[in-house]
Amino acid sequence: MTLDGAADLILRGGRVATMDSRRSFAAAVAVRDGRIVAVGSDEQIGGWIGPRSRIVELQGRSVTPGFGDAHVHPVSAGVGRLRCDLTSLHGLDAYLAKIATYAAAHSDEAWIRGDGWSMSDFPGGIPHRDDLDRVVPDRPVYLESRDGHTVWVNSMALALAGVTAETPDPDDGRIERDADGRPGGALQEGAAGVVERILPADTPEELVAGLRLAQAELHSLGITTWQDAIVTPDREEIAYTTLAGRGELTGRVVAALWWDRARGADQIEELVARRGRTAIGRYAPTSVKLMQDGVLENGTGGLIDPYFDDDGRPTQNRGLSMIDPEALKGYVTRLDALGFQPHFHAIGDRAVREALDAVAAARQANGTTDTRPHIAHIQVIHPDDIGRFGELGVIANAQPYWACHEAQMDELTIPRLGPERTTWQYPFASLLAAGATLAMGSDWAVSTADPLLEMEVAVDRVADYHRGERPPFLPEQRLDLIEALAAFTNGTARVNHLEQEVGSIEVGKAADLVVLDRDLFDRAAGPIGEARVIATFIDGVSVHEAPALEV
Ligand SMILES: [Zn+2]
């Protein structure tokens, strides 16, 4: 803070996307005591310059509000980075090489743990224990898939957990098996629990280290606020309350407390107690995560009509309803009445409908509250349900990075959905046109945490790694860049009840700002996803800064 009434920080000579209600642009911003005090032309903010003001010359580069991420798993992503991290690799050989190297370098670890393998690298999406046994025969291996819905284990892990041909599938998952019934080493959804229950717990030190690493990474990508999509008392909650208690939590975080689907309404009292007990600083545990289905790639996403088999014939499988839909109505009504925000996971059209029906029941019982329910993922939405988002005030929480042609989509999803439902996927433009509020996020570490890459796919519907090679996926659902940016700023602020504070660059709001290395709105400057964040400010304080900022 300066003593002379001048600004602490001036950004000028740029292209400032204010994201105010008129979506206006400006050239300069002045910040004092962490708040935005002026937005306008270079001349208009000139009066705020004092001898101790820091002046950043933008030279035509863009400034946006700090980005939000409406659905992300930073603690597990950060912990994953500390372990056997397969995220940047492709193909069985590359995975096995990395796993072998990691095992050799960590001979003291009783378990080899990690994540980040992709289903698209395996026939039918299913890996096998034999491959792991070849590189790690003598220690248990437990590797989560990139989307977190399947676990790949070796024979030692199955043996230690006592999983055999006789072990039944749990209700909420499937143990993939060889022809003779023996477990093959892939555990789908809730079946992961048969081995997970004997895993050594992450230590508090590992969880805190993971969150610290993740927070730095999110800030480096311009993210200043997020909603953690799964917070449990023995994992994420420890990390957040520790970091927040030490004053080290710089991000503004809403926590979605995990709804234990093995239990019922009896857990609500505990959720209320945790909300009261653990809110510290920037950590607000005010949301509840209700996971209603699985994913389409492994046939656990909840569909109204059955999946198709590889020959295009309907199967018996309609996927899972993780929570009984009638019970869900009651839970959501109670949670809404208590001021909790319902945060649903829903991928298939039936799961989306069950979530909407639950909110409708809550609205009927409680009237329209301000809890702002949101449904994350919304991969397949029945056309009859598109308008209900706006009508019910349900925020559409989209992960746009998935809305493109890529291996999982083309090989695992489209054949199983069939031609009609394929066109119902990720209908972002239709949702906006029907009056829905869009908020976007990454689901990191399922996929990249980089909002600029995600915005590129929302705008182009082509994966960044297939630029110029593949056609856009359902091009009628493309968004304008400003609409995509709004979903990562206005929309994420709204979903986190922070729109009075952040989400746009306006006088009086907190100075959460992102400086990019170029004019984002000049499409001739290259793909959106190639833009880089060169500075991130929270309350006017730099939380990430590249040397390029001062060039
Ligand atoms: Zn998630």
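Read-outs: derived from the displayed coordinates by stated rules, not from any lab. What you see is a predicted model; the values in this text were computed from it and never measured. Cβ sites come from the backbone with ideal geometry, for glycine too, and all protein chains shown count toward neighbours.
R0 = 30 Å: FRET efficiency of residue 139 with residue 179, Cβ-based, nearest 0.05? Intermediate values should be presented prior to the final figure.
Details: r = 27 Å, r/R0 = 0.91.
After rounding to 0.05, the efficiency reads 0.65.
Which ordering of 111, 226, 402 is given by a fewest-first count of other beta-carbon atoms within 10 Å?
The most exposed by this proxy come first: 111, 402, 226.
Can I get the semi-axes of segment 139-196's equivalent ellipsoid? Compute them from the C-alpha gyration tensor as square roots of 5 times the eigenvalues, in angstrom, largest first.
Working: eigenvalues 47, 38, 19 Å².
Sorted largest first and rounded, they come to 15, 14, 10 Å.
Run the reach check for residue 98 against aspartates and glutamates, Cα to Cα strictly under 12 Å, same-chain hits fewer than 8 apart removed. What comes back?
85, 115
Among all the aspartates and glutamates, which ones have a C-alpha under 13 Å from residue 509's C-alpha, if same-chain residues fewer than 8 places away are not counted?
20, 33, 499, 501, 539
Looking only at the chain, where both bridge partners belong to it, what percent of the DSSP beta bridges are antiparallel (to the nearest 5)? If you can, show how the numbers build up before the last one.
Working: 35 of 77 bridges.
Antiparallel bridges: around 45 percent, rounded to the nearest 5.
At 7 Å along the Cα-to-beta-carbon direction for both residue 232 and residue 542, put a label point, then send me their distance in nm to one decimal.
So the label points at residue 232 and residue 542 sit 4.0 nm apart.
Hey, got a sec? Which trypsin sites (Lys or Arg not before Pro) in segment 52-106 land in a DSSP loop and have at most 14 other Cβ atoms within 10 Å? Could the numbers behind the result be given before it?
Details: sites: 52, 54, 61, 81, 83, 98; in loops: 52, 61, 83.
Passing sites in segment 52-106 are 52.
Going by alpha carbons, how many degrees (0 to 90, nearest 10) lie between the helix axis of 349-366 and the longest principal axis of the chain?
Helix 349-366 sits at roughly 60 degrees to that axis.
Listing 374, 219, 382, 90 from the residue with the fewest other Cβ atoms within 10 Å to the one with the most, what is the order?
Working: 374 30, 219 23, 382 18, 90 14.
By the 10 Å Cβ count, ascending: 90, 382, 219, 374.
Report the per residue volume, in Å³, of the convex hull enclosing the C-alpha atoms of segment 39-182. Walk me through the intermediate numbers first.
Values: hull volume 30.1 nm³, N = 144.
Convex hull of Cα atoms, per residue: 209 Å³.
List, in order, the whole-Hz ³J(HN,Hα) value for each residue of segment 146-152 obtained from phi through the Karplus relation with A = 6.51, B = -1.76, C = 1.60 and θ = phi - 60°; use x for Gly and Pro.
3J(HN,Hα) across segment 146-152, in whole Hz: 4, 8, x, 9, 9, 10, 10.
By how many nm would the segment from residue 369 to residue 327 lengthen if fully extended, with 0.36 nm per residue of separation less the alpha-carbon distance?
13.1 nm
Take the Cα coordinates of segment 331-466, assign each an equal point scatterer, and use the Debye formula without solvent to give log10 I(q)/I(0) at q = 0.09, 0.18, 0.21 Å⁻¹.
Values, matching the q order: -0.27, -0.99, -1.25.
Send over the per residue convex hull volume for segment 2-51, Cα only, as a whole number of Å³.
Details: hull volume 3.4 nm³, N = 50.
So the per-residue Cα hull volume is 68 Å³.
When we measure straight from the Cα of residue 289, which lysines land under 20 angstrom away, once same-chain ones fewer than 8 places off are left out?
List returned: 329.
How big, on average over all directions, is the shadow cast by the Cα convex hull of segment 102-214, in nm²? Write out the running numbers ahead of the final one.
Details: hull surface 31.3 nm².
Reported value for the Cα convex hull: 7.8 nm².
Distance from a point 7 Å along Cα→Cβ of residue 82 to each backbone N in segment 142-163: keep the residues under 19 Å and list them by number.
Label zone hits: 142-144.
What are the residues whose amide H is under 5 Å from the amide H of residue 426, where those residues sit 5 or more places off or on another chain and H is modelled from the backbone?
380, 381
How large is the translational diffusion coefficient of segment 6-100 in µm² per second when you combine the Kirkwood radius over alpha carbon pairs with Stokes-Einstein at 20 °C and 1.002 mPa s?
Working: Rh = 16.6 Å.
Using the Kirkwood radius from Cα pairs, D works out to 129 µm²/s.
Have a look at segment 411-490 and give its Rg and Dmax from the Cα atoms, expressed in angstrom.
Cα-based Rg and Dmax for segment 411-490 come out at 13.0, 36 Å.
For segment 118-161, with equal point scatterers placed on the C-alpha atoms only and solvent neglected, what are the log10 I(q)/I(0) values from the Debye formula at q = 0.15, 0.20, 0.25, 0.27 1/Å, to two decimals?
-0.35, -0.60, -0.87, -0.96
If R₀ is 25 angstrom, what is the calculated FRET efficiency for the pair residue 43 and residue 21, using the beta carbon separation as r and rounding to 0.05?
The pair residue 43/residue 21 has a calculated efficiency of 0.55.
Mind sorting 389, 488 by how few other Cβ atoms lie within 10 Å of their own Cβ, fewest first?
Working: 389 27, 488 32.
Exposure proxy ranking, most exposed first: 389, 488.
Give, as ranges by residue number, the residues of segment 127-149 whose backbone N falls under 17 Å from the point 7 Å along Cα→Cβ of residue 101.
135-136
Starting from the coordinates of the alpha-carbon atoms of segment 503-548, obtain the Kirkwood hydrodynamic radius over all distinct pairs and give the value in Å to one decimal. All intermediate terms of the calculation are to be shown ahead of the outcome.
Numbers: mean 1/r = 0.0852 Å⁻¹.
Answer for segment 503-548: a Kirkwood hydrodynamic radius of 11.7 Å.
Using the Karplus equation 6.51 cos²θ - 1.76 cosθ + 1.60 (θ = phi - 60°), what ³J(HN,Hα) coupling, rounded to whole Hz, does each residue of segment 16-21 give in order, writing x for Gly and Pro?
Here the 3J(HN,Hα) series is 9, 7, 6, 6, 6, 5 Hz.
If I fit a long axis through the Cα atoms of helix 325-337 and take the longest principal axis of the Cα atoms of the chain, what angle between them do I get, 0 to 90°, rounded to 10?
So the helix axis and the longest Cα principal axis differ by about 30 degrees.
Considering every pair of different Cα atoms, what Kirkwood radius, in Å, is found for the chain?
On the way: mean 1/r = 0.0413 Å⁻¹.
Value: 24.2 Å, from the Cα pair sum.
Above 22 angstrom, tally the Cα pairs of segment 206-325 and express them as a % of all pairs, no decimals.
Values: 3448 of 7140 pairs.
Of the Cα pairs, 48 percent sit more than 22 Å apart.
Gap in Å between the Cα centre of segment 209-273 and the Cα centre of segment 486-551?
23 Å
Helix 92-105 against the longest principal axis of the chain: what's the angle in degrees, Cα atoms only, rounded to the nearest 10?
The angle comes out near 80 degrees.
Can you give the FRET efficiency to the nearest 0.05 for residue 33 and residue 248, using r as the Cβ-Cβ distance and R₀ = 22 Å? Intermediate values should be presented prior to the final figure.
Values: r = 21 Å, r/R0 = 0.97.
That gives a FRET efficiency of 0.55.
Hey, what's the Cα Rg ratio for segment 414-551 versus the globular rule of thumb, 2.2 N^0.38 Å?
Details: Rg = 16.6 Å, N = 138, 2.2 N^0.38 = 14.3 Å.
The reported ratio for this selection is 1.16.
Within segment 1-137, what percent of beta bridges assigned by DSSP are antiparallel, to the nearest 5?
Details: 10 of 18 bridges.
Expressed as a percentage, antiparallel bridges in segment 1-137 total about 55.
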